[in-house]
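A quick write-up on the structure given underneath.
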Amino acid sequence: VPQHVWRINLDTPEEAHQNLSFGAADRWWEQTDLTKLILASNKLQCLSEDVKLLPALTVLDVHNNQLTSLPSALGQLENLQKLDVSHNKLKSVPEELMQLSHLKSLLLHHNELSCLPDGFGQLVNLEELDLSNNRLTDIPTSFALLINLVRLNLACNQLKNLPADITAMKSLRQLDCTKNYLEAVPSKLATMASLEQLYLRKNKLRSLPEFPSCKLLKELHAGENQIEILNAENLKHLNSLSVLELRDNKIKSVPDEIALLQKLERLDLANNDISRLPYTLGNLPQLKFLALEGNPLRTIRRDLLQKGTQELLKYLRSKIQDDVTNANEEPPVTAMTLPSESRVNVHAITSLKLLEYSEKQAAMIPDEMFNAVGSNPVATVNFSKNQLNEVPPRIVELKDSVCDVNLGFNKISSISSELCMLHKLTHLDIRNNFLTSLPEEMEALTRLQVINLSFNRFKVFPSVLYRIPALETILLSNNQVGSIDPLQLRQMDRLGTLDLQNNDLLQVPPELGNCETLRTLLLEGNPFRTPRAAVLAKGTAAVLEYLRSRIPA
């Protein structure tokens, strides 16, 4: 790299010495510092330590060169947000890189990395991390601290297992572990509630995990493994799944519960050991692509397989009709009934213990929903994204079984006494409503672990929350809360996450530093002066330590 590139912020341009009548475009003394430097697709073998002379850089792109190492001075580019060093010959990453606390995108794919620095978790603002096509055999446990990471690519490495800590990445939407040596997936993966795309192709998996919390998972790719059994438990929670790719495994049968995947658009089961299919597959309303070739199917002729998905689905539907006619009875109302035929999804109530009436813009929940429950235990209620002005009074009928209630995105201005009677409640989501306070009776919710009150109208921290000892997560962002009581918070010995972003806190009490159970404390977007943004950016542990240091002796 020519030396004058590194000195571009420091040196007066050549033109300034020659030309004395300056147009607006040439006013070199008003020029700003360089923020983007792109050196991609050259033949660079090293980068100079002089890179530190460009402290305003936000983007540095050196992909597709011949770099074998990176200068430690990179750690001084404290404004850097995107670093692309992919397609080089890097064998290691300098520790100093871990100081780049504002880094959002780090692309390291197609290098020769066999290990990573332990301090990786310091890159707390990272949203995108690509480590594919390297030689990694394990992942640092500090990855657990990357709670803002949205996309993680670990494909084409030599990983034999994933650390269970990876499941602490609460924002992760896309995880790609294609082409490694994974024999199992940590069971905790099932708790990753934000996950939308999961790629596990070309590994050595013998089974799939269960996914009770992955309600948003849209794509699951697990082809070219050694999976033998597909269980109902693997499938029944995946309400949002649109792509299920399991080709080239050893699956022998497909459970009837596959018909619960109402949003499924692509199902690839080619080259397995499947001998029979559930006819209810024919009723999946969105299914556009079904691959079954290379299976020893007895009930379906080969020429039918070659006619394409629609013909195949038509055939399967006709077989359901045969079955029903043989039994000479009305077809039951189940999850396979098209929504137009029935408002109440009885199958969801009986099999999934789910009572759902969301995104209907309804001012009230129809009685037929509650009537349909009967004596069935309902664990989850989802009435979000409607126009409800109050908590539906009949919710109290579910008090002996319901543990998860979602009333988000409505117009609710107060919490009713009925809600306070749901004594088994563990999760309550009432974000995006018109709440200004919570009733003292909520103290009765002794099992409540997670409450989401974001985007409401609270001006004070609801005092009843201090008296619910089981609370682990309080989400109160985007309200108008002006103060908190650190002494009462300290007594909540299970509280791990407190989100108070975008409120009206004019000061942060130093005693908050004594709340040592807090793993995640989010305070950005408030009008207080201290702690300063630089301290907040270092993460929760640093903020708590700073606050403790300010407690008067």
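The values are calculated or read from the model by the stated rules, or taken from the named source; none is laboratory data. Every value quoted in this text rests on a predicted model; they were computed, and no experiment measured them. Quick reminder, even Gly has a Cβ in these numbers, built from the backbone with ideal geometry, and neighbours come from all protein chains shown. The accessibility values were calculated without ligands, DNA or RNA, using every heavy atom of the protein model including side chains. Shrake-Rupley method; radii C 1.70, N 1.55, O 1.52, S 1.80 Å.
With a/c under 1.5 counting as rounded, go ahead and sort segment 337-423 into rounded, prolate or oblate using the C-alpha gyration tensor (a ≥ b ≥ c being the square roots of the eigenvalues; past the cut-off, prolate if a/b is larger than b/c, else oblate). Could the numbers behind the result be given before it?
Working: a/c = 1.96, a/b = 1.17, b/c = 1.68.
It comes out oblate by the Cα gyration axes.
Rounded to the nearest 10 degrees, the angle from helix 309-327 to the longest Cα principal axis of the chain is 30 degrees.
Counting only Cβ charges, +1 for Lys and Arg and -1 for Asp and Glu, the dipole size of segment 347-549 around its Cα centre is about 480 debye. Helix 540-549 axis versus longest C-alpha principal axis of the chain: approximately 60°, rounded to the nearest ten.
Cross-link reach is defined here as a Cα-Cα straight distance under 19 Å, omitting same-chain residues fewer than 8 places apart; for LYS250 the lysines meeting it are LYS179, LYS202, LYS204. The lysine pair tally for segment 347-549, using Cα distances under 14 Å and a gap of 8 or more places or different chains, is 5. Applying 1/(1 + (r/R0)^6) with R0 = 22 Å to the Cβ-Cβ distance of LYS204 and GLU233, what FRET efficiency is obtained, to the nearest 0.05? For R0 = 22 Å, the calculated efficiency reads 0.55. Modelled spin-label separation between SER318 and LEU39, with each label point placed 7 Å from Cα along the Cα-to-Cβ direction: 6.8 nm.
Stretched out fully, how many nm does the piece from ASP493 to PHE289 gain, at 0.36 nm a residue minus the Cα gap?
Length gained, ASP493 through PHE289: 68.4 nm.
Dipole of the chain computed with +1 at Lys/Arg Cβ and -1 at Asp/Glu Cβ about the Cα centre; of LEU44, ILE229, LEU131, farthest Cα towards the positive end is ILE229. Rounded to the nearest Å, what's the spacing between the alpha carbon centres of segment 63-126 and segment 233-276? Just the number, please. So the separation of the two Cα centres works out to 39 Å. Note on segment 218-280: with charges restricted to the Cβ of Lys and Arg (+1) and Asp and Glu (-1), its dipole about the Cα centre is near 140 debye.
Dividing the Cα radius of gyration of segment 393-515 by 2.2 N^0.38 Å, with N the residue count, gives 1.02.
Selection among ALA542, SER375, VAL481 by position relative to the dipole of segment 347-549 gives ALA542 as farthest towards the positive end (Cβ unit charges, Cα centre).
With the contact rule set at Cα under 8 Å and sequence spacing of 6 or more, what percent relative contact order holds for segment 347-549? Don't skip to the end; give the middle numbers.
Values: 481 pairs, mean separation 23.0, N = 203.
It rounds to 11 percent for segment 347-549.
The dipole here belongs to the chain: it is taken about the Cα centre, uses +1 on the Cβ of Lys and Arg and -1 on the Cβ of Asp and Glu, and is about 700 debye. Computed from the C-alpha gyration tensor, the three semi-axes of the ellipsoid equivalent to the chain are 47, 37, 21 Å, from longest to shortest.
Working note: 222 nm ellipticity from helices only, DSSP H runs with n ≥ 4, each -39,500 (n - 2.57), summed and divided by the residues of the chain, gives -3000 deg cm²/dmol to the nearest 500.
Tell me the carbon and sulfur percent of the accessible area for the chain, rounded to whole percent, probe radius 1.4 Å. Please report the intermediate quantities before stating the final value.
Details: 12640 of 26890 Å².
It is 47 percent, rounded to a whole number.
Using a simple spin-label model with pseudo-atoms 7 Å out from Cα toward Cβ, THR68 and ALA553 lie 5.5 nm apart.
Listed by chain and number, the lysines whose alpha-carbon sits under 22 Å from that of LYS43, ignoring those within fewer than 8 places in the same chain, are LYS52, LYS82, LYS89, LYS91. Here each label is just a point 7 Å from Cα along the line to Cβ, and for VAL1 and SER401 those points are 6.4 nm apart. Here LYS314 is the anchor, and the lysines within straight C-alpha reach of less than 26 Å, apart from those fewer than 8 places off in the same chain, are LYS218, LYS236, LYS252, LYS263, LYS288. Of LEU97, GLN174, GLN122, which is farthest towards the positive pole of segment 76-183's charge dipole, taken about the Cα centre with +1 and -1 on the beta-carbons of Lys, Arg and Asp, Glu respectively? After comparing all options, I get GLN174.
Below 8 Å, C-alpha to C-alpha, sequence gap of six or more: please give me the relative contact order for the chain in percent.
Details: 1346 pairs, mean separation 25.4, N = 553.
Averaging sequence separation for qualifying contacts and normalising by length gives 5 percent for the chain.
For the pair LYS160 and ALA541, a Förster radius of 41 Å applied to the C-beta separation gives a FRET efficiency near 0.85, rounded to the nearest 0.05.
For the set HIS109, HIS423, the ranking by accessible area, highest first and with no ligand, DNA or RNA atoms included, is HIS423, HIS109 under a 1.4 Å probe.
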